[in-house]
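The values are calculated or read from the model by the stated rules, or taken from the named source; none is laboratory data. Source: prediction; values computed, not measured. Heads up, the Cβs are rebuilt from the backbone with ideal geometry, glycines too, and the neighbour counts pull from every protein chain shown.
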Amino acid sequence: MTPPFGRLNDPNGIFIEYDSLHIFYQHDPAFPEGQKRTGWGHASVSTREAQVPLHHPDALYPDADYDAHGCYSGGAVKDGDDIWLFYTGNLKVDGRRIPSQNRVHASVPNHPMGGTYRKDAANPLIPDAPEGFTGHFRDPHIVRDGERWRMVLGAQTTEESGAIAVYHSDDLKSWEFTGVLEFDVTNAQPGLSPDLVPRGYMWECPNLISMLDHSDGRTYDVLVYCPQGLAQQDEHYVSSDQCGYIVGRLEGSTFHVTRGFTELDYGFEFYAPQLLSTGDDAITIGWMGLPAQDDNPTVDAEGWVHALTLPRRTTLHNGVLHQVPLFPLPDKPQTQGFGAVATATCEHDETLSLVDAATPRLSTWHAEGKLLIRRHLPTGDETRSVVCAPGEITAIADGCAVEVFSQGLALSVQIFEEWQNWTTETT
């Protein structure tokens, strides 16, 4: 999914209403020429089959005194027949950032015009960050936690370290700050990344949900978050901003880690995902882009920038998240509304290449216990790799967006050179 115009970034609240998956996202409709006014875009897609998303009018604009400089990221929650969107209001006064947490009531979202969105008269529900935090305090994600509701927020402490702040509520309106997540790594097994719990200077876009591990039949808590400021270590933390997850069990404010940090996507552009719990499993959508990387050819050519990934069915196995496309996809190149969709699958001893105008643009293959992906650019090749057992590789190309899947791992990449006419080759 790409925006009709302007700048897209983080996916925000996602929810299912009847047979529609509703997807909200950060949207600056004035980009790149006008004054920044980030709100929430809105689109929907059938839950039954892959199709071109239906775009609706934007759901949120920065039009209140507490969000004058942006309606930033957040989540959605359903409470009986009520649907609520929660977001961070951004306000800057005399050089100080004042973050507030707010809610919006959503009505009839399946209407062709996208429904009605009314900001709560009680906003801001949380008017500022508590003592001990900077103004970087945002991205509410809310789930049921026993008899109460739990909100997690990405935060930066006054010591400039990343953290997760936790609030609880009985009614989704009055919120009590209940502490900061602490991490017990006494019995933690390592993930695929070098750190059990990487810190960084800021943590963004947390998601904290419960998932069934299909290997042992037990339920675990999964924390997905985006630690900023990590230094590259070999093949890890290669992008400018990172995203990954840890698995364990939450008791009070202590997260007992059973499996340490693993990056969620090993491609070139992926950040700020949103997870929707489906009971035992989840649906994941990520931003196929990175902060401060807006200089893409689509800006001048068509007036928009960035994309969201395909919705991914996400399951937990032996403490590892497995991601596959949510919808069955065509096995032959075809046109679906806005561009050509090409899919191809190769065996573990083959190399799969995406070719445009007889020029290889991307290659992916297994070698020496790793899955590799290489983007061929006029300025030189770029390669990413991740530990992975041999197996089938599936690549899906749609316009400038490419996603590669193998053994439950996912790799996202954008390619812009001659990007309309993909074909596939295996060798």
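General observations
- The number of residues in region 1-22 being surrounded by 16 or more Cβ atoms within 10 Å (Cβ to Cβ), part of a strand (DSSP E or B) and not charged (D, E, K, R) comes to 11.
- Scanning region 99-130 for residues that are within 24 Å of residue 178 (Cα to Cα) and either among the small types (Gly, Ala, Ser) or out of contact with any helix residue (DSSP H, G or I) (no Cβ under 8 Å at 6 or more places or on another chain) (or both) gives 99, 100, 101, 103, 104, 120, 122, 125, 126, 128, 129, 130.
- Considering residues of region 207-239 that are among the β-branched types (Val, Ile, Thr) and more than 17 Å from the chain's Cα centre (by Cα) only, the residue nearest to residue 263 (Cα to Cα): 238
- The residue that is farthest from residue 258 (Cα to Cα), counting only those in region 159-206 that are among the acidic types (Asp, Glu) and buried (at least 17 other Cβ atoms within 10 Å of the Cβ), is 204.
- Residue list for region 51-63, restricted to those being surrounded by 16 or more Cβ atoms within 10 Å (Cβ to Cβ) and part of a loop (DSSP other than H, G, I, E, B): 53, 61, 62
- Members of region 102-115 that are in contact with a Phe, Trp or Tyr (Cβ under 7 Å, 6 or more places away or on another chain) and buried (at least 18 other Cβ atoms within 10 Å of the Cβ): 102, 103, 104, 106
- Just one of the numbered conditions (1) of a type in the set (Val, Ile, Thr); (2) modelled with pLDDT under 95; (3) surrounded by 15 or more Cβ atoms within 10 Å (Cβ to Cβ) is not true of residue 320: (2).
- Residue satisfying condition, being in contact with a strand residue (DSSP E or B) (Cβ under 7 Å, 6 or more places away or on another chain), over 24 Å from residue 172 (Cα atoms) and buried (at least 16 other Cβ atoms within 10 Å of the Cβ), within set 99, 29: 29
- Residue in region 179-199 that is under 22 Å from the mean Cα position of the chain (by Cα), over 24 Å from residue 272 (Cβ atoms) and not aromatic (Phe, Trp, Tyr) present: no
- Residues of region 93-113 satisfying the condition of being under 29 Å from residue 131 (Cβ atoms) and either in contact (Cβ under 8 Å) with a residue 24 or more places away in the chain or of a type in the set (Asp, Glu) (or both): 94, 96, 97, 98, 99, 100, 101, 102, 103, 104
- Identity of the residue in region 1-39, aromatic (Phe, Trp, Tyr) and touching a Gly at 6+ places or on another chain (Cβ under 8 Å), that ends up nearest to residue 242 (Cα to Cα): 25
- Flag for residue 146 being surrounded by fewer than 22 Cβ atoms within 10 Å (Cβ to Cβ), within 22 Å of residue 71 (Cα to Cα) and at pLDDT below 95: no
- Restricting region 235-280 to residues that are charged (D, E, K, R) and either part of a strand (DSSP E or B) or free of Cβ contacts under 8 Å to residues at least 12 places away in the same chain (or both), the residue that is surrounded by the fewest Cβ atoms within 10 Å (Cβ to Cβ): 251
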